[in-house]
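Nothing in this text is a laboratory measurement; each read-out follows from the coordinates by a stated rule. These numbers come from a predicted model, not from an experiment. Here the Cβ positions follow ideal geometry from the backbone for every residue, glycine too, while neighbour counts run over all protein chains shown.
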Amino acid sequence: MEPEQEFVIRDYKPTDHEAVVALNRYGLAAAGVPEDADIYSGDLDGAGEGYLGGRSVMLVGEVKGDIVAMGGLREIGDTDCEVLRMRVRPEHQGRGLGRAILEALEARARRLGYTRAVLVTGPDQHPAIDLYSASGYEQVEVEQYGGLIGVRMAKQLS
C-alpha cells in the first residue's frame with residue numbers, strides 16, 4: 001500500500017518533543033510495555049537532544065502538519081546502528097507510513113556510513129515483525145529485558 005500523498009518525512013526538531021513523547025507513549029502502551037520497563041528510557045528526555053546531530057537521527061512523519069509517525073536511529077558501533085522508536089498513530093496504520101519511515105531511516109543510515117541495522121521488537125508485535133521481515137530483516141536472537149521478551153532482528157544495509 002502506498003503512503004498517504006500528503007505524508008511528509010523530516011528531521012525531528014526540539015519543538016516536536018511533546019508530540020513525539022505522546023506518540024511514543026501510545027507505542028509503548030500498544031505493545032504492552034510499561035513506561036518504567038522501556039529499554040530506551042531517557043532517550044527522549046529534555047528536547048531529545050540525543051537525536052540532534054552526530055550519527056543518531058529521529059525522523060517524524062507529518063500529515064497536514066500533524067506528527068503521525070516517527071522512527072529513530074542510533075549508533076551502536078562504527079558500522080552498526082539500531083532502529084528504534086518506530087511508531088505510527090493507530091488511525092494512520094496500514095497505509096505504508098511505517099515502511100516509508102523505515103526506508104528513510106535506512107537511507108540515512110547508509111549516508112552516515114552504517115552497513116548493518118538492528119532492532120528489537122516484541123514477539124507479539126506481528127505487524128511490526130511482518131514489516132521488518134518484508135524489508136529484509138532477519139531474526140538473530142530472542143532476548144530478555146527484565147520481565148519482557150525482545151526479538152532482535154538485523155539487516156545488512158550494503
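What single numbered condition from (1) out of contact with any helix residue (DSSP H, G or I) (no Cβ under 7 Å at 6 or more places or on another chain); (2) of a type outside the set (Phe, Trp, Tyr); (3) exposed (fewer than 15 other Cβ atoms within 10 Å of the Cβ) fails to hold for residue 16?
Single failed check for residue 16: (3).
Applying the selection to the range 84-111, what residues are touching a residue at least 60 places away in the same chain (Cβ under 8 Å), more than 12 Å from residue 131 (Cβ to Cβ) and small (Gly, Ala, Ser)?
The one that is touching a residue at least 60 places away in the same chain (Cβ under 8 Å), more than 12 Å from residue 131 (Cβ to Cβ) and small (Gly, Ala, Ser): 104.
Filter the range 108-126 down to the residues that are touching a helix residue (DSSP H, G or I) at 6+ places or on another chain (Cβ under 8 Å) and either of a type in the set (A, V, I, L, M) or assigned to a helix (DSSP H, G or I) (or both), then identify the one that is surrounded by the fewest Cβ atoms within 10 Å (Cβ to Cβ).
So, considering only residues that are touching a helix residue (DSSP H, G or I) at 6+ places or on another chain (Cβ under 8 Å) and either of a type in the set (A, V, I, L, M) or assigned to a helix (DSSP H, G or I) (or both), the one surrounded by the fewest Cβ atoms within 10 Å (Cβ to Cβ) is 119.
Regarding the range 27-42, can at least one residue be identified that is free of Cβ contacts under 8 Å to residues at least 60 places away in the same chain, touching a strand residue (DSSP E or B) at 6+ places or on another chain (Cβ under 8 Å) and surrounded by 12 or more Cβ atoms within 10 Å (Cβ to Cβ)?
yes
Looking only at the range 43-82, count how many residues are closer than 20 Å to residue 9 by Cβ and among the charged types (D, E, K, R).
So the count comes out to 7.
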